[in-house]
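The values are calculated or read from the model by the stated rules, or taken from the named source; none is laboratory data. Note that the coordinates shown come from a computational prediction; the quantities given were computed from them, not determined experimentally. Glycine gets a Cβ as well: all are built from the backbone with ideal geometry, and neighbour counts include every protein chain shown. Accessible surface areas use protein heavy atoms only, side chains included; no ligands, DNA or RNA. Shrake-Rupley method; radii C 1.70, N 1.55, O 1.52, S 1.80 Å.
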Amino acid sequence: MQNLLKKYSAVFISLLVFGILGLCYAFIPSFKSVTQDLWAALLAGNTQEVQKIISDFGFWGALILVLIIVLQMFLIVVPSWLPMVVAALAYGFFEAVAISVSGVFIASSLGYVLGLQIGHHNIKRISGKKNYKKLSFWVKEYGFLSVLLFRISPFLSNDAISFIAGGMKMNFLKFIGATLAGIIPLSVAIAYFSSSIDKLKESLYYIGGAGILLYGIFIWLDYRKRKSKA
């Protein structure tokens, strides 16, 4: 039993957290009410309402945002950039960057360890053979740059990449280095442009597009290099 707990520690910790949150939701009326209001605002993409709810918690609101970023790994219906915008609106530029980077660091590390413990065969069954084949190819061939691209591009499936990197046993320091290299400029851009949603959306498109373009150029150059050596 002890070996089983150690082998799947991240899985059990994740289930324990969800279990605690579930019990709080079921037996604490105030927690249930706030959760329902927050969930409705997140689904609607109502940053002003989320900001209002989070701001009422003061310092603890920052921890709630970190938790939301971590849980977003499982709740894919919530845009990954939304809690980052709320952090900037509620706490300011530097605090928002710190909250965003901390949340993504924890979420990515947890996703990596979950992928490592679950194994790539189980991940393939969960994510689907087609999606797994596509993402695992990019991780295998262009590990660091693939993770960096998925982190810096807010419209790509940047949570799945953590599970797959772990499942494929990518070097953790390389993985987390690429994660930070991608999420820091993204969180800075989100915090800077958060006061104007139109400017924010435009900046996200530019960042995502530039990342994909540079990545495409690298793959093309790498392809030519490999072809010349063949």
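Measure up Lys134/Lys201; Lys32/Lys130; Lys52/Lys201; Lys52/Lys124 against 29 Å on the Cα-Cα distance and list the ones that go over. Too far apart for the 29 Å limit: Lys32/Lys130; Lys52/Lys124.
Remark: region 90-103, residue by residue, has Karplus-estimated 3J(HN,Hα) of 8, 10, x, 4, 5, 5, 5, 4, 4, 5, 5, 5, 4, x Hz, where x stands for each Gly or Pro and the curve is 6.51 cos²θ - 1.76 cosθ + 1.60 at θ = phi - 60°.
Computed with a 1.4 Å probe on the full set of protein chains, the accessible area for Trp138 sits at about 70 Å². Charging the Cβ of each Asp and Glu at -1 and of each Lys and Arg at +1, and nothing else, the dipole of region 22-139 about its Cα centre rounds to 840 debye. Would you please classify the overall shape of region 101-154 from the alpha carbon gyration tensor, given that a ≥ b ≥ c denote the square roots of the eigenvalues, rounded means a/c under 1.5, and beyond that prolate means a/b larger than b/c while oblate covers the rest? It comes out oblate by the Cα gyration axes. Couplings 3J(HN,Hα) of region 170-175, computed from phi: 5, 3, 5, 4, 5, 5 Hz, in residue order, whole Hz [Karplus 6.51 cos²θ - 1.76 cosθ + 1.60, θ = phi - 60°; x for Gly and Pro]. Provide the net charge surrounding Val86, with neighbours chosen by a C-beta distance below 14 Å and charges set as Lys +1, Arg +1, Asp -1, Glu -1. Result for the local shell: -3.
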